[in-house]
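Let me begin by presenting the structure, written as structure tokens, before commenting on it.
Derivation of every value follows stated rules applied to the coordinates shown; laboratory data play no part. From a predicted model like this one, the values you see are computed outputs, not experimental measurements. Here the Cβ positions follow ideal geometry from the backbone for every residue, glycine too, while neighbour counts run over all protein chains shown.
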Amino acid sequence: MSNIGTTGAPDRAPHEDFRTPLKRARGLGSGKTGTGHWWWQRVTAVLLVLLVPWLVGLLVSLVGVDVEAARHIVARPWSAIPLAAFVIAAFWHAKLGMQVVIEDYVHTRWVEVTLQLLVTFLCVIAALASLYALGRIAMTVASFNA
């Protein structure tokens, strides 16, 4: 009898459990979040690859200008919107990357959970502070122009 087209040895059960004995004993399996995490890490990386050269160009264009001119340039919608996208993508990407590092290298459960919460908290606070500062620049310059 041929086993062409089968997924392994013909005597193997069709839905064999590939978990380790320890995982079976603990009743643990896949967390089912790895694929989504992987995709969001790549999406934010692509966004950053597109936004970083633009940001470098913006920063280079600000060399030698006074503060008011820089504020006006940053307050323009075609500058403020990509800056906001950069802030969101950067902090989200950082949070996802740090999550993987902590999951892989921290083996004490309470330390892992504490670090995960700390990283999430710091990334959210830093992103909100950055978006607030950007919004404040955009709104105060817009109110002076009106």
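Over region 33-145, what relative contact order in percent results from Cα pairs under 8 Å that are six or more residues apart?
So the answer I get is 37 percent.
The alpha-carbon atoms of region 33-145, seen along their principal axes, cover 54, 24, 23 angstrom, with the largest extent given first.
Here the calculated FRET efficiency for Thr140 and Glu103, from their Cβ-Cβ distance with R0 = 41 Å, stands at 0.50, rounded to the nearest 0.05.
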